[in-house]
Amino acid sequence: MGRGQTRRLAVQAPLLAGLLAAGLVAGPGSGEARPAAEAMAPDLAAAADLLAAEEFDAAKAMLDSLRQRHPDEAAIHAQLGNIAFELRDYRAAVKYFERAITLAPLEADYPFELGRALIGRIAGAGLFKKPGLARRMRAAFEQALRLEPGHARARLALVSYLANAPGIMGGSKKKARAEAARLKQIDPATYSRALARLAVVDERQTAAFEHYRASLEARFDTRTAGEFAAWLESQERWDEALAVVARAIGPGDGGATPLLVYYIYGRLAASSGRQLAAGGRALDHFMAADRRRKSPKERVESHYLRGRIYEQSGQLAAARAAYGKTLLLDQGHKQAARALRRLGEADGGG
């Protein structure tokens, strides 16, 4: 599989290992569990291959078939939840992870993934539903930490919640700093990332920069790189931001690059006028990915950004086509309409 593609499921522990860890070989009846696990192994391997190729629908169909034969195996539900999450179907992801938790209540990763899915639900929820979803999200991260106090990503998520939530929803910067401090011995890279997020909330820009840099020096991680690059973009520190995303996309040991990093790369190139060719290739990669992995806004903006890069590169026909595609997706996109008028005026309307 290409390193530049999002492969969360393939990067995580193998499906079969997940099934075994979820309880197939533990507790009453475990003598029968191992043959069941062995019988599932070929299907699980085939599903993993489909996931690596981003054949999400085929992978889901295979896992659904497996679930019909083994309806009480938590890891199958969790993997279906991961597919739903990747395709931004957060409502379905929540249901899958809740079922996985019911079936394997001692597995810390499942409530952590539930909390992430609830973040997705919150983003698209109505005003009156957001508080309830936020409470469920916090409870999920806390459950993960009760099961595994050293779960660094769950603690980082809780730090972010406490730092950003209003007091009426349990938010507290003091509590956030206390949770962040617990990460120092658990995972220094995640500890620095937590401190960076706290510094961003407090608008301490120098501290944010230093903590993000320390996190990446402790362990280069592509999720952290994307987050750092987006923050650098907000500060208009173009060269530093571009260097971070270039490293995240280039060869290295930082793990599979999140799809969003490609979008950020293209946005940085279009905004700064730098690294136009590389930024254009990043956007091409982003646009070629399964459309369900992108928000409606990202789908529209990626074409507009591609047009800006084409225009700055002197490829005016390609720029017109990209701006035109933008308007096909969003007739009210004012910047694309202005760009088309500008290009028409530049060449006499031809």
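Anything in segment 96-115 that is surrounded by fewer than 22 Cβ atoms within 10 Å (Cβ to Cβ) and not hydrophobic (A, V, I, L, M, F, W, C)? List them, or say none.
Within segment 96-115, GLU98, ARG99, THR102, PRO105 meet the criteria.
Name the residues in segment 221-252 that are surrounded by fewer than 22 Cβ atoms within 10 Å (Cβ to Cβ), hydrophobic (A, V, I, L, M, F, W, C) and within 25 Å of ALA176 (Cβ to Cβ), would you?
Once the filter is applied, which keeps residues that are surrounded by fewer than 22 Cβ atoms within 10 Å (Cβ to Cβ), hydrophobic (A, V, I, L, M, F, W, C) and within 25 Å of ALA176 (Cβ to Cβ), segment 221-252 yields ALA230, TRP231.
So, in segment 65-81, of the ones that are of a type in the set (S, T, N, Q) and farther than 24 Å from THR257 by Cβ, which residue ends up surrounded by the fewest Cβ atoms within 10 Å (Cβ to Cβ)? Walk me through it before giving the result.
Going through segment 65-81, the residues of a type in the set (S, T, N, Q) turn out to be 65, 68, 79.
With farther than 24 Å from THR257 by Cβ added as a condition, the list becomes 65, 68.
Details: SER65: 12, GLN68: 9.
Looking at residues that are of a type in the set (S, T, N, Q) and farther than 24 Å from THR257 by Cβ, I get GLN68.
Counting only residues that are aliphatic (A, V, I, L, M) and under 24 Å from GLU298 (Cα atoms), give me the helices (runs of 4 or more DSSP H) lying completely in segment 168-265 with at least 2 of them. I'd like the intermediate steps shown before the answer.
Values: elements: 173-186, 188-201, 205-218, 222-234, 238-249.
By residue number, 222-234, 238-249.
Taking the options ALA92, ALA84, name whichever one is under 17 Å from the mean Cα position of the chain (by Cα), surrounded by fewer than 18 Cβ atoms within 10 Å (Cβ to Cβ), under 30 Å from LYS129 (Cα atoms) and free of Cβ contacts under 8 Å to residues at least 40 places away in the same chain.
Working: ALA84 fails: surrounded by fewer than 18 Cβ atoms within 10 Å (Cβ to Cβ).
Just a single option satisfies the conditions, and that option is ALA92.
State all residues of segment 267-287 that are in contact (Cβ under 8 Å) with a residue 40 or more places away in the chain and under 17 Å from the mean Cα position of the chain (by Cα); if no residue qualifies, say none.
The first filter runs over segment 267-287 and keeps only residues in contact (Cβ under 8 Å) with a residue 40 or more places away in the chain, leaving 269-270, 285.
HIS285 - this is the single residue of segment 267-287 that is in contact (Cβ under 8 Å) with a residue 40 or more places away in the chain and under 17 Å from the mean Cα position of the chain (by Cα).
Among the residues of segment 37-68, count how many are at pLDDT 90 or above, assigned to a helix (DSSP H, G or I) and not hydrophobic (A, V, I, L, M, F, W, C). Before you say what the answer is, go through the steps one by one.
Our first condition is that a residue be at pLDDT 90 or above; within segment 37-68, this holds for 55-68.
The next check asks that each one be assigned to a helix (DSSP H, G or I); those that pass are 56-68.
Now restrict to residues that are not hydrophobic (A, V, I, L, M, F, W, C): 57, 60, 64-65, 67-68.
So the answer is 6.
Hey, among the residues in segment 303-319 that are in a loop (DSSP other than H, G, I, E, B) and in contact with a helix residue (DSSP H, G or I) (Cβ under 9 Å, 6 or more places away or on another chain), which one's farthest from ALA337 (Cα to Cα)?
SER313
On the given criteria, is ALA178 aliphatic (A, V, I, L, M) and either in contact with a Phe, Trp or Tyr (Cβ under 9 Å, 6 or more places away or on another chain) or surrounded by 14 or more Cβ atoms within 10 Å (Cβ to Cβ) (or both)? Working first, answer last.
Numbers: aliphatic (A, V, I, L, M): yes; either in contact with a Phe, Trp or Tyr (Cβ under 9 Å, 6 or more places away or on another chain) or surrounded by 14 or more Cβ atoms within 10 Å (Cβ to Cβ) (or both): no.
Spelling it out, it is not the case that ALA178 is aliphatic (A, V, I, L, M) and either in contact with a Phe, Trp or Tyr (Cβ under 9 Å, 6 or more places away or on another chain) or surrounded by 14 or more Cβ atoms within 10 Å (Cβ to Cβ) (or both).
Quick check on segment 320-330. Is at least one of its residues in a loop (DSSP other than H, G, I, E, B) and either surrounded by fewer than 21 Cβ atoms within 10 Å (Cβ to Cβ) or not small (Gly, Ala, Ser) (or both)? Explain how you work it out, then say what you get.
Let us first name the residues in segment 320-330 that are in a loop (DSSP other than H, G, I, E, B), namely 330.
Checking which are either surrounded by fewer than 21 Cβ atoms within 10 Å (Cβ to Cβ) or not small (Gly, Ala, Ser) (or both) leaves us with 330.
Checking segment 320-330: at least one residue is in a loop (DSSP other than H, G, I, E, B) and either surrounded by fewer than 21 Cβ atoms within 10 Å (Cβ to Cβ) or not small (Gly, Ala, Ser) (or both).
Does segment 69-100 hold any residues that are among the charged types (D, E, K, R) and either over 15 Å from ASP43 (Cβ atoms) or part of a helix (DSSP H, G or I) (or both), and which are they? Steps first, answer last, please.
In the first step, residues of segment 69-100 are kept if they are among the charged types (D, E, K, R); the result is 69, 72-73, 86, 88-89, 91, 95, 98-99.
Hits for segment 69-100 are ARG69, ASP72, GLU86, ARG88, ASP89, ARG91, LYS95, GLU98, ARG99.
Name the pairs: first residue in segment 288-307 and within 18 Å of ALA84 (Cβ to Cβ), second residue assigned to a helix (DSSP H, G or I) and of a type in the set (Asp, Glu), Cβ to Cβ under 7 Å, at least 6 apart or on different chains?
ARG293/GLU86
Please go through segment 123-135 and give me each residue that is surrounded by fewer than 17 Cβ atoms within 10 Å (Cβ to Cβ) and either assigned to a helix (DSSP H, G or I) or over 21 Å from the mean Cα position of the chain (by Cα) (or both), ordered by number.
Of everything in segment 123-135, those that are surrounded by fewer than 17 Cβ atoms within 10 Å (Cβ to Cβ) and either assigned to a helix (DSSP H, G or I) or over 21 Å from the mean Cα position of the chain (by Cα) (or both) turn out to be ALA123, GLY126, LEU127, PHE128, LYS129, LYS130, PRO131, GLY132, ARG135.
Could you list all residues from segment 201-232 that are small (Gly, Ala, Ser) and either touching a Cys at 6+ places or on another chain (Cβ under 7 Å) or over 20 Å from ARG267 (Cα atoms) (or both)?
Initially, segment 201-232 is screened for residues small (Gly, Ala, Ser), giving 207-208, 214-215, 218, 225-226, 229-230.
Across segment 201-232, the qualifying residues are ALA207, ALA208, ALA214, SER215, ALA218.
Tally the residues that are in a helix (DSSP H, G or I) and surrounded by fewer than 21 Cβ atoms within 10 Å (Cβ to Cβ), restricting the search to segment 146-155.
Of segment 146-155, the ones in a helix (DSSP H, G or I) are 146-147, 152-155.
If we keep only those that are surrounded by fewer than 21 Cβ atoms within 10 Å (Cβ to Cβ) too, we end up with 146-147, 152-153.
Residues in segment 146-155 being in a helix (DSSP H, G or I) and surrounded by fewer than 21 Cβ atoms within 10 Å (Cβ to Cβ): 4 in total.
The values are calculated or read from the model by the stated rules, or taken from the named source; none is laboratory data. Remember, predicted model here, so these are calculated numbers, not experimental data. Positions of Cβ are generated from backbone atoms using ideal geometry, with glycine treated the same way; all protein chains shown enter the neighbour counts.
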